[in-house]
Every structure is written in C-alpha cells, then in structure tokens.
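Visitor: Would you mind keeping the following structure in view while I ask a few things?
The values are calculated or read from the model by the stated rules, or taken from the named source; none is laboratory data. The structure presented is a predicted model; accordingly, all values stated were derived computationally and were not measured. A quick note on method: Cβ atoms are made from the backbone with ideal geometry, for glycine too, and the neighbour counts reach across all protein chains shown. Ligands, DNA and RNA are stripped out before the accessible areas are found, and what is left, the full protein with its side chains, is counted by its heavy atoms. Shrake-Rupley method; radii C 1.70, N 1.55, O 1.52, S 1.80 Å.
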2 protein chains.
Amino acid sequence: MASWLQVPKNSPFSLANIPFGIISAQNASRVPAIAVGDHALNLKSFASNGGFSQLPEIQQHLGVFEQQTLNAFAELGRPIHRQVREYLQNVFRADTQFPQILKDNVALQKSALLPLSEVTNHVPMQIGDYTDFYAGLNHAYNVGVLFRGPENALQPNYKHLPVAYHGRASSVVPSGTPLHRPQGQILANPAANPKLPTFSPCKRLDIELELAAFISKPNDLGKPVSIHEAEDHIFGVVLMNDWSARDIQAWEYVPLGPFNAKNFGTTITPWVVLLDALEPFRTVGLEPGNRDSLLPYLREKRAENAYEIPLEVELTNQGGQPTLISRSNAHNLLYSFSQMVAHHTITGCNLRSGDLLGSGTISGKEPKTEGSLLEQTNGKTPIKLADGSERLFLEDGDTVVLRGMAGTEGNYVGFGDCVGTILPAVPL
Amino acid sequence: MASWLQVPKNSPFSLANIPFGIISAQNASRVPAIAVGDHALNLKSFASNGGFSQLPEIQQHLGVFEQQTLNAFAELGRPIHRQVREYLQNVFRADTQFPQILKDNVALQKSALLPLSEVTNHVPMQIGDYTDFYAGLNHAYNVGVLFRGPENALQPNYKHLPVAYHGRASSVVPSGTPLHRPQGQILANPAANPKLPTFSPCKRLDIELELAAFISKPNDLGKPVSIHEAEDHIFGVVLMNDWSARDIQAWEYVPLGPFNAKNFGTTITPWVVLLDALEPFRTVGLEPGNRDSLLPYLREKRAENAYEIPLEVELTNQGGQPTLISRSNAHNLLYSFSQMVAHHTITGCNLRSGDLLGSGTISGKEPKTEGSLLEQTNGKTPIKLADGSERLFLEDGDTVVLRGMAGTEGNYVGFGDCVGTILPAVPL
C-alpha cells in the first residue's frame, strides 16, 4: 500500500497499520490522532474540516474526535473502528478515491498533519482498571525454576487459567516518561537475615516485556463475556514495560502478590494498534486456543490465539551505545487476550472502556530471548553492554527501549518505541 | 448537639457526624449531599439558594457542589472540609447562628431537604484505583493458622509493612446492590484431585468486614507522602464488604494473589464519614503507631493509630429473621490509614482523589468477633441462624448487613448499613 505521503520503509506506522493515539501540539489541548509514517493526523482538525465527509457511517459520531481520550471512539465498537481505519487508509493511499480530502488539500495538510517530532504523546485512554496477566509461559517457567526448581516451576493452575493480578492504573505512563528508582523495604542480606528488612533504594530493578490490550466495549456487572464474543470487546494493543523491583517484591509479595514492587510505574507505547491491523499476523501461541484441556468457557473456536510479532529489548547506559539484549516474539503466550477477557469476566466482573490488560512477560525459550533481566542474569551472570560495562539489573541513567514490529519492509505494523529512563531515587 | 430537625437518637447520622455522599432523587441527576438523621441535604440546591452565604471561605469553590461525584470537593483539602462540616453543623443546630439559612427557610427545606427513604445513594467518588490492605492482624493470623498452622500463621513481613494488593475498582458498588454468586474454576474435591479444576458456581462464598478510606489530596508520581502529612490526603471513611469466593481464591491465588475471587463485587456504605468526625474516637490499634520496631517512614508521631468503633455483622436468610453473627471493633487493626498511605506511596506511586484504600478484614480475638465466615466456621462448624438453619458460607438469597457506629446515643457517628444480597449464579 503506497502513500502520497512519504512513509519511511522501516516505519512501524505504514498504511497497513493506522494506529490511534492522543497527542498535543505545543500548548494546545489533547486530541485524537493516527500515526502514518513520521506524521500524526490530528483527527479533531481533520473531522471538523470535512475529513470524514466521504464516510457516512461516522457522521453521527464525530464528537468522539473532540474528546481528550480514545474511550468514546473505542466504545463505538469494532465495525466502526474498521470502517474508520479503512477509510483513513484510503485517504492516504497514492491511488486514493478521495484526493480532495487530504492529498490535494494543502490547507488541511498544514493544519492537521503534524510531524511526530513536534507532538507530545499521552496515555491514549482513561484507564479504569489495569490488570496484568501472566500468560508468558516461558517467563512463568523460568521464574518458577529460580524460586521453586524445575519440578515445581509451574503452579498446578497455570495451564488451566490465565493467572492475573490487579495492577496500578494511576502510574501507567506514556513512552518517554522517566521514572525514579523506587525505594522501600528489602532484605539486604536474605541469607544472613531473612526476616529483618532494611529501607533502601531498589537494588534489583528490572523490566518486563509485555503486550497490553485496551478494552473497547464494556460489559455490565454480572454479565460474563463469552469467549466467542470477547474479541469485540478489545480495542487494540500496545507494548508495555512492567517495571519491577525484584527485591521489594521478594519481601512484600506473600501472601497477596506484588504491590509496591510494581506500582511506581508502567510504561506503554502511546499508539493503539487495532486488532484488525494485527489480524494478518494471527498464529498459534504456545498451545492452540481450541485445545481440549481447557474448560469450555476458555476454549476458542480456532487454534490461532497469538500474534507473530518479533519483539526486542535494547538497553543503553548513560553515555553509552545501545545494546540489543533480547529478542523475543509475541507468539510466546499461552493465552489470548480473548481468553483473558473471558476469564476476567466469568465471575461477572465488569470491564470498562479503557481498561488495560497486560499479557505477562513474553520470553522465548532460548538464551537472549528473555523478557526480563531476572531471567537472563538471575542476579549472577551479567549482561555485557556495548561499551564493556556489565548489568545484572538496571542502574541509574539506564534507558530501556522495547520494540515490536510485524510484517515486512514498507508494510510494517508496529508499536513504535517503548522508552523509559531510570532516574536516581528521590531523597526523602 | 441538638437540632431543630428531628434526628432519631439511634441515627448514625447525628450532628456529630455530617457525612458526605452522592444522591439522586427520582429521575434527577446525581448531586452531592450530607446525611442528617433521616434526611439528606441536597448540597447543589443548598448552595445555589444561598445556603453557604455565611461561609466566605467556600464562595470561590461552590462549583464543587454541582459535580456528580465528591472528587472535586475532596480535592479542596481538609481545612475546607472542616469549615464546611462545622458550618453545616451550625446550620442544623437548634441554637444555630444562621436561622435564616435553613431553620426558618421553609422553601429551601422543601427543595433541598429530602427523606433518606426517597433518595438513591451512589458510589460517592470516581474511584481511580482501589487498594485492599491486610491490616487486620487477627484476621491474618486466623487465616494463616488455617493455611499454615499457628507456628507460621503470620508471614515474616507482616509486622514490618502493611501488606496489600491492588483490587478491582469497577465493581465497587453502593450498599443495597445485589450481587450474583460468582462462578469459575474450583477444586471440587481437593483431597482426591488437587490439580484438576471444575467449572462451578462458588460454593464457599464469604464476606469480609472492613473499613475503607477515600483519598482527597493527590500526590504526584515520584513524590512519596510523608507519614506525618498522610492524614491530609485522606478524605474520610466508609464501611466495606469485600465479598470473597474462597474456593476460587484457593485455586487461583498462587503465585500472584487473589483476582477473580474478589473482582465480582465490593460493597461500600455510600456516606463518607470525615476524619474530623472520627477524631474523638482515636485510639491505639493492635500496636502503637509510634512503635520503634517500625522503619521510620511508617512510624507515626503518636500512638493512636486506630479508631474505637464497634462493628457488627448480621445475616438474614431468605424468609428468615436477622441473626447477629459477629461483633468486632475497628481498633483491631495493626496499621492506620496514614501508614497505608505512606507505604503505598514510598515507591513514588501516585494516589489520586477518589482512590479507595481498604483496611483488611477486622476480626477480634474471641469467638463471634470474626470478620469473615471462613474464620468463624472454617467450612466445618456451622453458624446457627435465628430460624434454626445453618451456614458454613453464604447461600443464595442471604442478605448480609455490616454496621459500625461510634459514640453514644444522640451523638452517634456511624456509617449506616452496608447491605448486600446474594442472587443465584447467572446461567451462561
């Protein structure tokens, strides 16, 4: 799909993608937008200047493009998202049916088409609740081996349900937001003194490479979402770094799970890639989605319950060069987002538009495919960076970039960079 | 404090209280209100008809009473809450300084003063995140004994930090909302088959008697709230029933904590009792708040870190009579809400106005003071109800009422009833 707009061949935002986000330019207020190549299209300007005049189905809903989050647009449902995405692909195609809309409309280009370098990205939806799943089987296994040995690495429930915990919505931040090293209670020397905590900045600060899905259509309290309808409740997907303070976690997590170890920040890419854009990359995850061993409420109609999306983790130390420390793939998941929605709501729990569901850490099976430092170093075997320095966990000044991009040159469907830099702990 | 309005002597909403809530009457929209005796005062009507004309400090903030949640009012901060509460006490006092405002203003009484029986209560704040702590030491001990025996009942971290997990905000409902019995994966016969789950309605449905605090003043990401300033971030307190599906929980909770076992509903009383109203009932909790064994970021200046508030749990089976099944007291907590705020934010986690912090289950040490059925019956020793029927856990049609009221007759400071009825599981 060629465009009249110059779209770099290696851009994650080819015409095959058309992800949605919330931007602001200079001091203007937040507006919905899409990303195309190196540009953002301001959908508020576009809509108010007749940009959607050739799409009758959206006319009564144009108010959604005047909102400061994507929640209202998401709630319109997947058929509308599909029409809007296909229409915008058409508008940007070299052989567009509607050249008068934007291709030949220099005035609208000037007012609505902005270089990505000149806009600020924001968390695209008002997140009601954020839930983090644990569907990365290889990660669960690797961490289980460290804590319980290979015999008992996976808990008995693991292959029967998508394990999850409630996460912290307030501290979900957009890519590029620096985060202070968290501090809290840790065991300074667990072997010598396993029961007396010390107050300290986190010494085992880690990343977790995840995908995350935003909910579009809500469900009422008491009304579970069927596995066969779950996909219609999912708006799209982003990349997520679930920063984790391993030492705080190890001390605090019994018996109710991680809390302060995760609540200080979670970074997401700001462009939501719609499920329709990912559809060509559907594949079978670590086990088929229609496997008989699942209880019926989790059994999908088809086997393909994951996406073929190469992922990578890059670490750059302050003043250093980027080092690619891991390559994984989104197919390394045991459960789909549909299965997560079905499980999450089976009790009657209500999901709202904008709720965020993390996949869990996506690790491969081979060395250098792990989605966390804990798995790669176990706090013992350092990673070598480009300039020769070593890392067991993150140091102050380190910048981590997650990337994910499906498809082929010129037609990539990607998320853009998920970037975060670690600042020193704040003096109390 | 006598009122010109008839206030029943046993009302939880005496003039010593003045709790804030969100009500709607008939088909009107939601408005802020206070409760006095058997009445609600519509603060939107009151404000727009000059009700606050004798309180200069609130004039520039009157817009908060036009909101559909209490978030904006809460964000004004404790000094304003105090002035508004004291002013409203004055307005309702028999010897009010301002008789022209309401006492002698029959027109405003007619438009703004509504019988509680004629209004609908709503969740009073937009809850960003809901966090549930585990500060009820006796509960943690009792449950620990059941799972791990008396030697290891409390985890090593328990007396060093207020253990917590993130809860589900979307399904927090106001008192009176019926809830369907949740369904999901349980082990039908754990002894015989500890690794193969069955799909079933929950068979061990339980309650948890808790207090919960709403956050008023937010803190920025990366800026911990000092223990000495934490109280200024707390708006007020409600009673909470953290319904729990014990069998779903037992199967799902390793290794990340409770999820589906708790996400189907959490019931709160709709009237927020301000900290100032509770101040006369401050007392030392299970251990002093200034104990040396705490790390400094959790150590309070004074010992009094809890409230003396008698609590009770009543269970009524369908067609039966109410049975008082437990009496406890809010002093049965190891940590204060201030300590919870200090711990929650020590990593830099940001709290927002409207965030909800549950205390954890409040159990006494004696029989019949437990805050959950699990502790009282262990699924083995039934509770006898008034009509002779027995309960290990909740049956369909059961109604549970939590109550809590401090003070003495005529001057009670209480929460009102926290009511929930269990409906049958929804057929899939």
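Visitor: Return only the number of the condition from (1) over 29 Å from B:His180 (Cβ atoms); (2) touching a Leu at 6+ places or on another chain (Cβ under 6 Å) that A:Pro270 does not satisfy.
Guide: That leaves (2) as the condition not met.
Visitor: Assess whether A:Asn329 counts as being within 14 Å of another protein chain (Cβ to nearest Cβ), closer than 26 Å to A:Phe214 by Cα and open to solvent by 10 Å² or more (accessible area, probe 1.4 Å).
Guide: Working: within 14 Å of another protein chain (Cβ to nearest Cβ): no; closer than 26 Å to A:Phe214 by Cα: yes; open to solvent by 10 Å² or more (accessible area, probe 1.4 Å): yes.
When the stated conditions are applied, A:Asn329 does not pass them.
Visitor: Within region A:401-421, which residues are part of a loop (DSSP other than H, G, I, E, B) and either free of Cβ contacts under 8 Å to residues at least 12 places away in the same chain or basic (Lys, Arg) (or both)?
Guide: A:Thr408
Visitor: So B:Leu108 fits all but one of (1) over 23 Å from B:Ala35 (Cα atoms); (2) not assigned by TED's automatic domain parsing to the domain that holds B:Thr266; what number is the exception?
Guide: Failed condition: (1).
Visitor: Tally the residues that are open to solvent by less than 40 Å² (accessible area, probe 1.4 Å) and under 24 Å from the mean Cα position of the chain (by Cα), restricting the search to region A:70-104.
Guide: The total comes to 13.
Visitor: Also, quick follow-up: Go through the residues of region B:194-212 one by one and say whether even a single one is within 10 Å of chain A (Cβ to nearest Cβ) and closer than 30 Å to A:Ile186 by Cα.
Guide: Scanning region B:194-212 turns up no residue that is within 10 Å of chain A (Cβ to nearest Cβ) and closer than 30 Å to A:Ile186 by Cα.
Visitor: Any residue at all in region A:240-249 that's part of a strand (DSSP E or B), farther than 30 Å from B:Pro182 by Cα and out of contact with any Cys (no Cβ under 6 Å at 6 or more places or on another chain)?
Guide: Here is the first cut: in region A:240-249, the residues part of a strand (DSSP E or B) are A:240-241, A:244-245.
With farther than 30 Å from B:Pro182 by Cα added as a condition, the list becomes A:240-241, A:244-245.
Still in the list and also out of contact with any Cys (no Cβ under 6 Å at 6 or more places or on another chain): A:240, A:244.
Within region A:240-249 (the criterion being part of a strand (DSSP E or B), farther than 30 Å from B:Pro182 by Cα and out of contact with any Cys (no Cβ under 6 Å at 6 or more places or on another chain)), the answer is yes, since at least one residue qualifies.
Visitor: Right, here's the next one. Could you tell me whether any residue of region A:265-272 is more than 19 Å from A:Ile234 (Cα to Cα), more than 8 Å from every other protein chain (Cβ to nearest Cβ) and outside any helix (DSSP H, G or I)?
Guide: Yes; the residues of region A:265-272 include at least one that is more than 19 Å from A:Ile234 (Cα to Cα), more than 8 Å from every other protein chain (Cβ to nearest Cβ) and outside any helix (DSSP H, G or I).
Visitor: Using beta carbons and a limit of 9 Å, which pairs, at least six apart or on different chains, have the first residue in region A:27-49 and within 26 Å of A:Tyr412 (Cβ to Cβ) and assigned to a loop (DSSP other than H, G, I, E, B) and the second one open to solvent by 20 Å² or more (accessible area, probe 1.4 Å) and among the small types (Gly, Ala, Ser)?
Guide: Qualifying pairs under 9 Å: A:Gly37/A:Ser3; A:Asp38/A:Ser117.
Visitor: Given the residues A:Pro280, A:Pro224, A:Pro258, which is the only one that is open to solvent by 10 Å² or more (accessible area, probe 1.4 Å) and either closer than 29 Å to A:Ile422 by Cα or part of a loop (DSSP other than H, G, I, E, B) (or both)?
Guide: Selected residue: A:Pro224, the only one of A:Pro280, A:Pro224, A:Pro258 that is open to solvent by 10 Å² or more (accessible area, probe 1.4 Å) and either closer than 29 Å to A:Ile422 by Cα or part of a loop (DSSP other than H, G, I, E, B) (or both).
Visitor: Now for a separate question. Among A:Leu295, A:Leu351, which is within 12 Å of chain B (Cβ to nearest Cβ), open to solvent by 20 Å² or more (accessible area, probe 1.4 Å) and touching a strand residue (DSSP E or B) at 6+ places or on another chain (Cβ under 6 Å)? Break it down into steps so the answer makes sense when it comes.
Guide: On the way: A:Leu351 fails: open to solvent by 20 Å² or more (accessible area, probe 1.4 Å).
Criteria check complete, one pass: A:Leu295.
Visitor: Out of all the residues in region A:240-251, is one or more at the interface with chain B (Cβ under 8 Å from one of its Cβ atoms) and surrounded by fewer than 22 Cβ atoms within 10 Å (Cβ to Cβ)?
Guide: Among the residues of region A:240-251, not one is at the interface with chain B (Cβ under 8 Å from one of its Cβ atoms) and surrounded by fewer than 22 Cβ atoms within 10 Å (Cβ to Cβ), which makes the answer no.
Yes/no per residue for (1) closer than 14 Å to A:His139 by Cβ; (2) within 14 Å of chain B (Cβ to nearest Cβ); (3) modelled with pLDDT under 95; (4) open to solvent by 10 Å² or more (accessible area, probe 1.4 Å):
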residue	(1), (2), (3), (4)
A:Gly360	yes, yes, no, no
A:Ser363	yes, no, no, no
A:Thr369	yes, no, no, yes
A:Lys380	no, no, no, yes
A:Leu392	no, no, no, yes
A:Leu402	no, no, no, no
A:Glu409	no, no, no, yes
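Visitor: Go through (1) out of contact with any strand residue (DSSP E or B) (no Cβ under 6 Å at 6 or more places or on another chain); (2) touching a residue at least 24 places away in the same chain (Cβ under 8 Å); (3) among the polar types (S, T, N, Q); (4) buried (at least 17 other Cβ atoms within 10 Å of the Cβ) one by one and return the number of the condition A:Ser111 breaks.
Guide: Single failed check for A:Ser111: (4).
Visitor: Can you find a residue in region A:306-325 that is closer than 30 Å to B:Gly167 by Cβ, open to solvent by less than 10 Å² (accessible area, probe 1.4 Å), without any contact (Cβ under 8 Å) to a residue 60 or more places away in the chain and outside the structural domain of A:Asn71 (by TED's automatic domain parsing)?
Guide: yes
Visitor: All but one of (1) among the charged types (D, E, K, R); (2) over 30 Å from B:Asn157 (Cβ atoms); (3) under 19 Å from the mean Cα position of the chain (by Cα) hold for B:Asp132; which doesn't?
Guide: Looking at each condition in turn, B:Asp132 falls short on (2).
Visitor: Same structure again: Could you check how many residues of region A:139-184 are more than 7 Å from chain B (Cβ to nearest Cβ), of a type outside the set (D, E, K, R) and under 21 Å from A:Ser338 (Cβ atoms)?
Guide: Qualifying residue count for the region: 4.
Visitor: On to the next question. Among the residues of region B:411-422, count how many are over 20 Å from B:Thr323 (Cβ atoms) and surrounded by fewer than 24 Cβ atoms within 10 Å (Cβ to Cβ).
Guide: Of the residues in region B:411-422, 2 are over 20 Å from B:Thr323 (Cβ atoms) and surrounded by fewer than 24 Cβ atoms within 10 Å (Cβ to Cβ).
Visitor: State yes or no: is A:Asn290 closer than 19 Å to A:Gly136 by Cα, crowded, with 22+ Cβ neighbours inside 10 Å, at pLDDT 95 or above and away from chain B (no Cβ under 14 Å)?
Guide: Working: closer than 19 Å to A:Gly136 by Cα: yes; crowded, with 22+ Cβ neighbours inside 10 Å: no; at pLDDT 95 or above: yes; away from chain B (no Cβ under 14 Å): yes.
So A:Asn290 does not fit the description; no.
Visitor: Pick out, from region A:116-218, the strands (runs of 3 or more DSSP E) lying fully within it that include 2 or more residues that are touching a helix residue (DSSP H, G or I) at 6+ places or on another chain (Cβ under 9 Å) and either within 30 Å of B:Leu356 (Cα to Cα) or open to solvent by 40 Å² or more (accessible area, probe 1.4 Å) (or both).
Guide: Details: elements: A:119-122, A:130-133, A:164-166, A:172-174, A:183-186, A:198-201, A:209-215.
Correct list: A:130-133, A:183-186, A:198-201, A:209-215.
Visitor: Answer with yes or no whether B:Gly236 is more than 7 Å from chain A (Cβ to nearest Cβ) and either buried (at least 18 other Cβ atoms within 10 Å of the Cβ) or modelled with pLDDT of 95 or more (or both).
Guide: Yes: the conditions hold for B:Gly236.
Visitor: Would you point out which residue out of B:Gly37, B:Gly21, B:Gly51 is surrounded by fewer than 23 Cβ atoms within 10 Å (Cβ to Cβ), of a type in the set (Gly, Ala, Ser) and modelled with pLDDT of 95 or more? Don't jump to the end; show me each part of the working.
Guide: On the way: B:Gly21 fails: surrounded by fewer than 23 Cβ atoms within 10 Å (Cβ to Cβ); B:Gly51 fails: surrounded by fewer than 23 Cβ atoms within 10 Å (Cβ to Cβ).
After ruling out the rest, the residue left standing is B:Gly37.
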